[in-house]
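Inspection log for the structure reproduced underneath, given as structure tokens.
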Amino acid sequence: MSTHLQKVRLYADRYPTRECYPFHLDLFQKTHFIEFLSPVTFFIGENGTGKSTLLRALSIKCGIHIWESSERKRFKPNPYEKELYRAIGIEWRDGSVPGSFFASDIFRNFSQILDDWASMDPQILDYFGGKSLLTQSHGQSLISFFRARYRIKGLYFMDEPETALSPKSQMELLDLLIQMSRAGHAQFVIATHSPILLACPGSTILSFDYIPIKPVAYQETEYYQFYKDFMNHQNKYLERFGSDGQV
């Protein structure tokens, strides 16, 4: 399948500042464009490299709503933190498509809103397996949401979906990604640290640890190498702890 969203351009000359996050990052100053060549694209890299910030900016630029609760006051607010979308351009294959943005920290807010709707129209829960998302375990409610939402043609942004998922549930999500992308109607852009999700066949992995951002092979990712090394040499890591398990 060709992708809905084909290319993103970053226009550094439009940045409102070069002193504050995220515009001060060399990665955003030296990455001029990103191409989406496969139905599933992963963003990987250390925390603070801008993965989630770009993911949210893309969602806003693509006209996809982010279900966020009212913001709390911060000691030192950053007026530029959410302004990246103003300095990017997007190229579609055949025009824009609907979609959704997922992040574990805002999922409960969506679940509460859904419960409010269900109090007036209980049949709306049929779309999510007939159960309130609030009455299921967090992992179960996520999988129920994924299975319902991702059947629809669209563009789906996901910010670290593995956060509340067990390895088994991550495998369920991986299976869903494979099925939906092969069906030819869904495109996913996912920021993740999960070596399970990164194993998705045919996906593109873009590393934010390089400047500019560049694609890497699954076996080259730090996640794959670290987990493989840990499983093969557990004693090397456990030797850092005393015999009683204490540091």
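Here the Karplus curve 6.51 cos²θ - 1.76 cosθ + 1.60, taken at θ = phi - 60°, turns the phi angles of region 3-18 into couplings of 8, 6, 8, 9, 8, 10, 10, 10, 9, 4, 5, 9, 5, x, 7, 10 Hz, with x standing for Gly and Pro.
Amide H contacts under 5 Å for Gly99: Leu155, restricted to partners 5 or more places along the chain or on a different chain, H placed in the peptide plane at 1.01 Å from N. Residue ranges 207-215, 158-166 sort as 158-166, 207-215 when ordered by packing (mean number of other C-beta atoms within 10 Å per residue, highest first).
As a proxy for reagent exposure, ranking His65, His193 by other Cβ atoms within 10 Å from fewest up yields His65, His193.
Can you figure out the FRET efficiency of Lys228 with Phe33, using R₀ = 30 Å and their beta-carbon distance, to the nearest 0.05? Approximately 0.40, to the nearest 0.05. Our estimate of slack between Cys20 and Asp94, defined as 0.36 nm per intervening residue step minus the Cα-Cα distance, is 23.1 nm.
Computed from backbone phi with θ = phi - 60° and the Karplus coefficients 6.51, -1.76 and 1.60, the 3J(HN,Hα) list for region 50-57 is x, 4, 5, 4, 5, 4, 5, 4 Hz; x is used for glycine and proline.
What's the exposure ranking of Glu220, Glu19, going from fewest to most Cβ atoms within 10 Å? Working shown, then result.
Numbers: Glu220 11, Glu19 8.
Ascending Cβ contact count within 10 Å gives the list Glu19, Glu220.
Return the subset of Lys82/Lys153; Lys82/Lys228; Lys82/Lys168; Lys82/Lys214; Lys168/Lys236 for which the Cα-Cα distance in this structure is over 31 Å, preserving the input order.
On the way: Lys82/Lys153 27 Å; Lys82/Lys228 36 Å; Lys82/Lys168 34 Å; Lys82/Lys214 23 Å; Lys168/Lys236 27 Å.
As for pairs spanning more than 31 Å Cα to Cα, those are Lys82/Lys228; Lys82/Lys168.
For Lys214, nonlocal amide neighbours, meaning residues 5 or more places apart or on other chains whose placed amide H falls under 5 Å from its own, are Ser207. Counted by neighbouring Cβ atoms within 10 Å, the residues Leu10, Leu25, Leu37 run from fewest to most as Leu37, Leu25, Leu10.
Only the coordinates and a few stated rules stand behind these numbers; no lab work does. Quick caveat, the model's predicted, so the values are computed rather than measured. Note that each Cβ is placed from the backbone with ideal geometry, even for glycine, and that neighbours are counted across all protein chains shown.
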